[in-house]
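Notes for the one structure printed next.
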Amino acid sequence: MWGVAKILVVDDQLGVRRLLFETFREDQHEVEMAADGEEAVQLLNTFKPDLILMDMKMPGMNGIETLRQIRALDRQVGVIMMTAYGDAQNMEQAKELGILHYLSKPFDLFELRERVRDILIS
């Protein structure tokens, strides 16, 4: 069995946050949730996640702005971006900021679980 990881879920939609929270808790991970970028940046310091699952489109700081702030504090933490909009420009910026994977919404939960498992094993 692979180890326990700390996963931070950042999404302004409560339904998505809860779904991912429950899913990764079932997989025995420690999970925290943030409703926006500011909350995510605060949790980066206190929770110290191994992996962040973050929505691209959020009120206030969007995913890219949040990712920039996260990278300023932590170059290493793994990030998976989730988006309902295949926005090529944002995708390029996200890649430059070192994301591990880009996921389109609505996503396949099994696929996401598998992807997270692969990332945490490597």
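Values in this text are rule-based calculations from the coordinates and carry no lab data. This structure is a prediction, so every number in the text was calculated from the model and none was measured. Cβ coordinates were reconstructed from backbone atoms using ideal geometry, including for glycine residues, and neighbour counts include every protein chain displayed.
Odds and ends about this structure:
- Sequence ranges 5-11, 46-52, 103-109, ranked by mean other-Cβ count within 10 angstrom, highest first: 5-11, 46-52, 103-109
- Whole-Å semi-axes of the chain's equivalent ellipsoid (Cα gyration tensor): 19, 16, 15
- Build a GNM of the chain with springs between Cα atoms under 10 Å apart, and of 81, 61, 33 the one that fluctuates most is 61.
- Ellipticity estimate at 222 nm from DSSP helix runs (n ≥ 4, -39,500 (n - 2.57)) divided over the chain, nearest 500: -14500 deg cm²/dmol
- For region 6-107, the tally of Lys pairs with Cα-Cα distances below 18 Å comes to 4, considering only residues 8 or more apart or on different chains.
- Across the options 102, 42, 82, the greatest Cα extent toward the positive end of the charge dipole of region 32-122 (unit charges at beta carbon of Lys, Arg, Asp, Glu) belongs to 102.
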